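A.B. asks: Take this structure first; my questions come after.
Bear in mind that the values in this text are calculations on the coordinates, not laboratory data. Everything numeric in this text was worked out from a predicted model, so none of it was measured. Cβ atoms come from the backbone with ideal geometry, glycine included; neighbour counts cover every protein chain shown.
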Amino acid sequence: MSSQKHLIAPSILAADFADLKKDIQMVNESEADWFHIDIMDGVFVPNISFGFPVMQAIAKHAQKPLDVHLMFVDPDRYLKVCKDSGAEIITVHYEACSHLHRTIAAIKELGCKAGVALNPHTPVSLLKDIIQDIDLVCLMSVNPGFGGQKFIERTYDKIKELRALAVENDTDLLIEIDGGVGTSNAGQLLAAGADVLVAGSFVFSSENPIETVKTLKAVDPSLKYV
């Protein structure tokens, strides 16, 4: 893991869409570092979330960076509108890009940080030829498309493999974990080498989301949590 304190990115997919401004304000007031925004097309993943107009509305009130995860086919068509809608980090799926190097270059030309997401079945080794060009890797620890799914245990090994690959290539990329994250596994994820924890329903469904974010932010990877 890099020397900085780990980051927390509440996933807006789990927010109350009928009272989105309230939940955005909660994230602003909390110790969270980023807003995690999932945009889905119903084709690459079996769900549709929200589009760029909603993202623009979030950006208007957000006081922290928007970490945007594009879950759709042919993401290149939407990179500029994504940036124009407020994205500071744009993550595309390895599985959705025919020419990943070109896509990463296009994201950086827009002035955004570039991330690559891997589905649970996609091996980390496939990033070997691109790893020095990316700022972040998002490891999906559930199958993408729906919140509230069970965490896939194999993720711990993938984090270790990815961190080793990053060290081997002398790159300080951020490793982000998305899916099934909570206090029961946060310490183990960080100990394995994760830097950014995306938490959706664990935060927004809790009785006190601000306190829940604070608890996640305070997790010490050297301690065991149950």
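A.B. asks: Taking the Cα-to-Cβ direction at Ala218 and at Asn28 and moving 7 Å from each Cα, how far apart do the two end points lie in nm?
C.D. replies: According to this spin-label approximation, the distance is 2.5 nm.
A.B. asks: Determine the shape class of the range 130-226: with a ≥ b ≥ c the square roots of the Cα gyration tensor eigenvalues, call it rounded for a/c under 1.5, and otherwise prolate if a/b is greater than b/c, oblate otherwise.
C.D. replies: prolate
A.B. asks: So for the pair Glu168, His61, with labels modelled 7 Å out along Cα→Cβ, what separation do we get in nm?
C.D. replies: 4.6
A.B. asks: Treating only the Cα positions of the range 100-159 as identical point scatterers, give the base-10 log of I(q)/I(0) from the Debye formula at each q in 0.17, 0.23, 0.28 Å⁻¹.
C.D. replies: At q = 0.17, 0.23, 0.28 Å⁻¹ the computed log10 ratios are -0.63, -0.95, -1.15.
A.B. asks: Could you work out the helix-only [θ] at 222 nm for the chain, with each DSSP H run of four or more residues adding -39,500 (n - 2.57) and the total divided by the number of residues, to the nearest 500 deg cm²/dmol?
C.D. replies: -9000 deg cm²/dmol
A.B. asks: For the range 73-123, take the alpha-carbon Rg, divide it by the Kirkwood Rh, and send me Rg/Rh.
C.D. replies: Expressed as Rg/Rh, it is 0.96.
A.B. asks: Same structure, new question: Extension gain His101-Asn143, at 0.36 nm per residue separation less the Cα-Cα distance, in nm?
C.D. replies: Full-extension gain reported as 12.7 nm.
A.B. asks: Run the numbers for Glu211 and Lys160: contour at 0.36 nm per residue of separation, minus the present Cα-Cα distance, in nm.
C.D. replies: Stretched fully, the Glu211-Lys160 segment lengthens by 15.4 nm.
A.B. asks: Also: Please work out the Kirkwood hydrodynamic radius for the range 60-177, using every pair of different C-alpha atoms, and report it in angstroms with one decimal place.
C.D. replies: Result for the range 60-177 stands at 14.7 Å.
A.B. asks: Just the ratio, please: alpha-carbon radius of gyration of the range 1-45 over 2.2 N^0.38 Å, N its number of residues.
C.D. replies: Computed over Cα atoms of the range 1-45, the ratio equals 1.41.
A.B. asks: So what are the ³J(HN,Hα) numbers for the range 197-208, from phi and the Karplus equation (6.51, -1.76, 1.60; θ = phi - 60°), rounded to whole Hz, Gly and Pro as x?
C.D. replies: In residue order, the calculated couplings are 10, 8, 10, x, 4, 4, 7, 6, 8, 7, 5, 9 Hz.
A.B. asks: Go through Lys22/Lys83; Lys60/Lys113; Lys113/Lys214; Lys60/Lys214; Lys22/Lys80; Lys83/Lys217 and tell me which ones have a Cα-Cα distance over 22 Å in this structure. Numbers along the way, then the final one.
C.D. replies: Values: Lys22/Lys83 24 Å; Lys60/Lys113 20 Å; Lys113/Lys214 26 Å; Lys60/Lys214 24 Å; Lys22/Lys80 28 Å; Lys83/Lys217 27 Å.
The pairs that break the limit, which is 22 Å between Cα atoms, are Lys22/Lys83; Lys113/Lys214; Lys60/Lys214; Lys22/Lys80; Lys83/Lys217.
A.B. asks: Taking the C-alpha atoms of the chain, how large are the radius of gyration and the largest Cα-Cα span, Dmax, in Å?
C.D. replies: 16.1, 46
A.B. asks: In percent, what relative contact order does the range 110-160 have, based on Cα pairs under 8 Å that are 6 or more apart in sequence?
C.D. replies: Result for the range 110-160 is 39 percent.
A.B. asks: Name the aspartates and glutamates eligible as straight-distance cross-link partners of Lys150: C-alpha to C-alpha under 14 Å, and not fewer than 8 places from it in the same chain.
C.D. replies: Cross-link targets: Asp178.
A.B. asks: Would you please calculate the Kirkwood hydrodynamic radius of the range 1-89 over all C-alpha pairs and express it in Å, rounded to one decimal?
C.D. replies: Mean inverse Cα-Cα distance, inverted, gives 13.6 Å.
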